[in-house]
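Chemist: Take this structure, written in structure tokens, and hold onto it; I'll ask about it next.
Nothing in this text is a laboratory measurement; each read-out follows from the coordinates by a stated rule. Since the model is a prediction, treat every value here as computed from it, not as a measurement. Glycine also receives a Cβ, built like all others from the backbone with ideal geometry; neighbour counts cover every protein chain displayed.
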Amino acid sequence: MKKAFYLFLFCSFVYFIPSAQAQADDDLLQLSGVVVSADSLQGLPFVSVRIKGLNKGTFTDADGFFSFVVRKADTVLFTFIGMKDAIYVVPKNLTASRYSIVQPMAEDSVLLPETVIHAWPTPEEFNYYFVKANIPDTYGTLARNNLKRKTLTTFGSSMIMDARENQRYAASQSASRYYYSGQLPPQRLFDPFAWSQFFNAWKRDDLKKK
């Protein structure tokens, strides 16, 4: 009797485990789409696209396109600096293995505190204090020196990136790693266009200037 009972349990496991596995595979689908700006409908590059609550996702490419595997009823979160977060819930009743969407993102406006500028009481009083203002000549000399082309070039080359530029650079590097995940990135050693740009830069002495 016990042998028959154990045999029944074994057959039940053998029957239900593949069914459960097939049910889990049926929930998977390829979600593709494009993320656009809500006002201009232009593609947004390097938008973070991930499943809410999971460390799984991707980035949009330079044209705003993305594609990755999700499950039905997953909540997909779109985040981008300067834009309001967007959420998309994958429908539960999808029957196809592929699904495409167009996800708009609205601009996130930042409201600064109000600034009140008071004018001079009368134009005559403004002219009086403007003429009598004692501005040292050293300030004018420093201003003229700072506006020289050489000085501006030096300042521009030594300035660090701000937060937005850092985010774009980091997102670009991450998107490049995700794009070529599992394969070697393309080598431009035999790219005629790259060699053409190199020779043109050599003729213009750009390499010596750097």
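Chemist: Which trypsin sites (Lys or Arg not before Pro) in the stretch 165-208 sit in a loop by DSSP (not H, G, I, E or B) and have at most 16 other Cβ atoms within 10 Å of their own Cβ?
Modeler: Hits after loop and neighbour filter: 188, 204.
Chemist: Follow-up question, since we're still on this one. From the C-alpha coordinates alone, can you work out the Kirkwood hydrodynamic radius of the stretch 57-130, in Å?
Modeler: By the Kirkwood definition, the hydrodynamic radius is 17.2 Å.
Chemist: Kindly rank 86-97, 50-61, 105-116, 145-156 from highest to lowest mean number of other beta carbons found within 10 Å of each residue.
Modeler: Packing proxy ranking, top to bottom: 50-61, 86-97, 145-156, 105-116.
Chemist: In whole Hz and in residue order, list the ³J(HN,Hα) couplings for the stretch 86-94 that follow from phi through the Karplus curve 6.51 cos²θ - 1.76 cosθ + 1.60, θ = phi - 60°; x for Gly and Pro.
Modeler: Computed from phi, the couplings for the stretch 86-94 are 10, 10, 10, 9, 5, x, 7, 9, 6 Hz.
Chemist: Here are labelled values, [x] 306; [y] 127; [z] 108, and one is the computed volume of the Cα convex hull per residue in Å³ for what I pasted. Which one?
Modeler: [x]
Chemist: Let me make sure I get this right: for the stretch 17-115, a, b and c are the square roots of the gyration tensor eigenvalues over alpha carbons, sorted descending. Under 1.5 in a/c it's rounded, otherwise prolate if a/b > b/c, else oblate. Which is it?
Modeler: Since a/c reaches 1.5 and a/b is larger than b/c, the shape of the stretch 17-115 is classed as prolate.
Chemist: Per DSSP H run of at least 4 residues, take -39500 (n - 2.57); add these up for the chain, divide by its residues and hand me the 222 nm value, nearest 500 deg cm²/dmol.
Modeler: Rounded to the nearest 500, the figure is -13000 deg cm²/dmol.
Chemist: So for the stretch 110-210, taking the charge dipole from beta-carbon charges (+1 Lys/Arg, -1 Asp/Glu), which of 189, 178, 142 sits furthest toward the positive end?
Modeler: Final value for the positive-end residue is 189.
Chemist: In percent, what relative contact order does the chain have, based on Cα pairs under 8 Å that are 6 or more apart in sequence?
Modeler: 17 percent.
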